[in-house]
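Derivation of every value follows stated rules applied to the coordinates shown; laboratory data play no part. The structure presented is a predicted model; accordingly, all values stated were derived computationally and were not measured. Every residue, glycine as well, gets a Cβ built from its backbone with ideal geometry; the counts of neighbours run over all protein chains shown.
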Protein chains: 2
Amino acid sequence: ALAAPAIAQEAPKVSWRLTSGFPKALDTIYGAAEDFAKYVSEATDGNFQIQPFPAGEIVPMPEAADTVAAGTVEMTHTASYYYWGKDPTYALGTAVPFGLNVRGLNAWNYDGGGIDMMNGFYNKQNLHAFPGGNTGCQMGGWWRKEITSLADLAGVKMRIGGMGGKVMEALGVVPQQIPGGEIYPALERGTIDAAEWVGPYDDEKLGLNKVAPYYYYPGFWEGGAMLHFMINLDKWNELTPAYKAIVESAAARANATMLAKYDYRNPAALRSLIAGGAQLKPYPDDVMAKAFEESNKLYATLSAENADFKTIFESQQAYRNEANLWNQVAEYTFDTFMIRNRPRG
Amino acid sequence: ALAAPAIAQEAPKVSWRLTSGFPKALDTIYGAAEDFAKYVSEATDGNFQIQPFPAGEIVPMPEAADTVAAGTVEMTHTASYYYWGKDPTYALGTAVPFGLNVRGLNAWNYDGGGIDMMNGFYNKQNLHAFPGGNTGCQMGGWWRKEITSLADLAGVKMRIGGMGGKVMEALGVVPQQIPGGEIYPALERGTIDAAEWVGPYDDEKLGLNKVAPYYYYPGFWEGGAMLHFMINLDKWNELTPAYKAIVESAAARANATMLAKYDYRNPAALRSLIAGGAQLKPYPDDVMAKAFEESNKLYATLSAENADFKTIFESQQAYRNEANLWNQVAEYTFDTFMIRNRPRG
């Protein structure tokens, strides 16, 4: 049918602020908030405006969730696991050590009831959230000295936070909290011995290969790090049904396009880092095995203490093991062949 | 800011038909068109209505692209590679043997200029398209007899179409074109020896494990099969900017949620198929190697004959090889560890 004449639609003027958990320098991540705002604006002829601000401009990142919950700022784009100190359940939104990879997180969220399950928790904090970007599996960080076994981790001062830091601590590492901008001088001066950041595309900007050449993988504490668009629950409830649908589709689109940016841009950055002296090293087997064991212990403790954590963790865990049963068949075998035959086609 | 009073927005009543390339029985795939229509309707307060019809109800699948190009039906949800007989460039939208996997396709489309590049081609056919769902890496099909080497493929009658069929033909297979509903009786009677369909979730519905127990992997001709929402170009151009944005976000969301459905539902189906007698078998090394070689020959021929194919294939190919350079580091190592330790956490 041809388009009929324009009619009036309920299109309230809405103007929101979004406090990002990230600086502009992380252009792919910060850009996901800009993309999201653009998708919403375009879908509403500019009637629903969301203005992103870099971390620190309105409030510093650690205060974002509380500020949004209080309604001072309408929404944030952040990593839920930044708030795991308030409640470990927050970590399950983003990534936990040896947790779901990107496809697992998307499958669990979009088809496994994950979005509703996480919102069951977020709503109690007066927040409502949707998946909003992923880095893919991160790297395991930059080390000044090579490590060949678990014993080499004893007393190492590593910049690593969250549950990854907790697990590394159980392996003998002394976790350090340092902002991104201070990692380079700290490694250069030897104040710290190692630091994790994200992956090639972001790490290259910090130039860490010049001061800590051993580039370890994988970042087993972030097999896929999912970000969220978190909205004040009352502001969310005030939206019209159409605006809610527009926000949800825009978030899903930003979730996909942010990962696409990392996936498309990481390879060239990896090449450049290697050319600049980075030495790729897999974490030694005993480090991986011990980290896995300690992670499972941590989950047992947290599950015993926190009912929300237990329910959501068990849902993710059950799917994770099933997902890997299937993943190893078609997908993994195809990837293995393509990796081995990479230079030949 | 609080919501201001409602104002008038240009919200034309639009009513479109969508002819799906798939039957309702493929509920995850057909469902992606239903989901897309729902996302668009919700975002427009029901002013933009898209009604999906199963393949054959308006026109049979092979006529969908022409029918949409002619404007008789506004849009289709289909696999672009169905139309590779008209022009092999169509195949590059969906999957080619040993092509990009899911993440590669998304990265190339959303950040590598793939959507615009494909639309440069589709627009010449009076179509405009967006990625709209993915199955993930498919399985390599059901075989009545075990195959242990390339020699066993000689003269085998296999239900397989498209470029996969072309490559299989170079390996000695006799490709057969059979609709999904006729695969079971053809395998049962021995009219054909093998058949490829999708993956565990869809294959289980056909019950092929009962008549051809050897379940091969990977479906190297579909390392990631991406569907498209294809729209008549004039109808697309008639949409308001807001409706265009809403369609694009809805397509991206459906692209993510369809893959999520497969990823979440395939594991249980795989278990059930194995319990029902399916025997999982990797394609022999010499089959994979020869198929890769023949695929590269085919691409050389098609590139020499077709400028659109050459441009787009080279763009995908260049990224594919770079993607696998990076993929093998963090992501693949993480997946390997998780697969090996699956029963332990």
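Tell me, what are the semi-axes, in whole angstrom and largest first, of the equivalent ellipsoid of chain B as set by the roots of 5 times the Cα gyration tensor eigenvalues? Values for chain B, descending: 35, 22, 22 Å. Counting DSSP beta bridges with both partners in chain B, what percentage is antiparallel, nearest 5? Antiparallel bridges make up about 45 percent of those DSSP assigns within chain B.
Report, in listed order, any pair from A:Lys310/B:Lys38; B:Lys38/B:Lys244; A:Lys310/B:Lys261; A:Lys24/A:Lys124; A:Lys86/A:Lys210 with a Cα-Cα distance greater than 27 Å. Could you put the intermediate results ahead of the total?
On the way: A:Lys310/B:Lys38 34 Å; B:Lys38/B:Lys244 15 Å; A:Lys310/B:Lys261 24 Å; A:Lys24/A:Lys124 30 Å; A:Lys86/A:Lys210 36 Å.
From A:Lys310/B:Lys38; B:Lys38/B:Lys244; A:Lys310/B:Lys261; A:Lys24/A:Lys124; A:Lys86/A:Lys210, over 27 Å: A:Lys310/B:Lys38; A:Lys24/A:Lys124; A:Lys86/A:Lys210.
Counted by neighbouring Cβ atoms within 10 Å, the residues A:Thr301, A:Thr257, A:Thr89 run from fewest to most as A:Thr301, A:Thr257, A:Thr89.
If we count every other residue with Cβ under 13 angstrom of A:Met163's Cβ, Lys/Arg +1 and Asp/Glu -1, where does the sum land?
Values: positive: A:Lys166, A:Lys297; negative: A:Asp87, A:Glu169, A:Glu196, A:Glu222, A:Glu294.
With Lys, Arg at +1 and Asp, Glu at -1, the neighbours total -3.
The GNM of chain A, with springs linking C-alpha atoms under 10 angstrom apart, assigns the highest mean-square fluctuation among A:Thr148, A:Thr333, A:Thr67 to A:Thr333. Across every direction, the projection of the convex hull enclosing the Cα atoms of region B:55-111 has a mean area of 4.7 nm². Counting Cβ atoms of other protein chains within 10 Å of each residue's Cβ and taking the mean over peptide A:135-142 gives 3. A simple count of charges around B:Arg144, restricted to other residues whose Cβ falls under 14 Å of its Cβ and scoring Lys, Arg +1 and Asp, Glu -1, yields +1.
What percent does the relative contact order of chain B come to when contacts are Cα pairs within less than 8 Å and at least six residues apart? Provide the component values of the computation, followed by the final result.
Details: 580 pairs, mean separation 78.2, N = 345.
So the answer I get is 23 percent.
In what sequence do A:Ile160, A:Ile115, B:Ile339, A:Ile147 fall when counting other Cβ within 10 Å, fewest first? Mind dumping the intermediate values first?
Numbers: A:Ile160 27, A:Ile115 22, B:Ile339 15, A:Ile147 18.
Least crowded to most crowded, the residues run B:Ile339, A:Ile147, A:Ile115, A:Ile160.
Is region A:134-221 rounded, prolate or oblate when judged by the Cα gyration tensor, a ≥ b ≥ c being the square roots of its eigenvalues, rounded requiring a/c under 1.5 and prolate requiring a/b larger than b/c? It is rounded, given that a/c, with a ≥ b ≥ c, falls under 1.5. When only the Cβ of Lys, Arg, Asp and Glu is charged (+1, +1, -1, -1), the dipole of the protein assembly as shown relative to its Cα centre reaches about 840 debye. Taking the label point 7 Å along Cα→Cβ, A:Lys145 and its counterparts in the other copies are spaced 6.3 nm apart, in ascending order. In summary, region B:246-345 shows an alpha-carbon radius of gyration equal to 1.50 times the 2.2 N^0.38 Å reference for compact globular proteins. Of the beta bridges in the protein assembly as shown, as assigned by DSSP with both residues counted there, near 45 percent are antiparallel.
Longest segment of chain A with no trypsin sites (Lys or Arg not before Pro) in a DSSP loop having at most 12 other Cβ atoms within 10 Å? Walk me through the numbers before you get to the answer.
Details: sites that count: A:Lys86, A:Lys145.
It works out to A:146-345.
The residues packed around B:Val73, meaning those with a beta-carbon under 11 Å from its beta-carbon, carry a net charge of -2 if Lys and Arg are +1 and Asp and Glu are -1. Normalised by the number of residues in region A:159-282, the mean separation of alpha-carbon contacts (under 8 Å, six or more apart) gives a relative contact order of 33 percent. Among B:Glu169, A:Glu314, the order by Cβ neighbours within 10 angstrom, fewest to most, reads A:Glu314, B:Glu169. Treating each Cα of region A:104-163 as an identical point scatterer and summing with the Debye formula, the log10 of I(q)/I(0) at q = 0.21, 0.23 Å⁻¹ comes to -0.88, -0.98. Per-residue mean of foreign Cβ neighbours for A:108-116 is 4 (Cβ atoms of other chains, 10 Å radius).
Inter-chain Cβ neighbour count for A:44-51, averaged per residue, equals 3 (cutoff 10 Å, partner chain atoms only).
In the calculated pair-distance distribution of region A:1-156, the portion above 21 angstrom amounts to 58 percent of the Cα-Cα pairs. The fraction of all Cα pairs in the protein assembly as shown landing in successive 10 Å bins from 0 to the largest distance is 3, 15, 25, 26, 19, 10, 2, 0, given as whole percents. Mean residue ellipticity, 222 nm, helices only, the protein assembly as shown: the sum of -39500 (n - 2.57) across DSSP H runs of n ≥ 4, divided by residue count and rounded to 500, is -15000 deg cm²/dmol.
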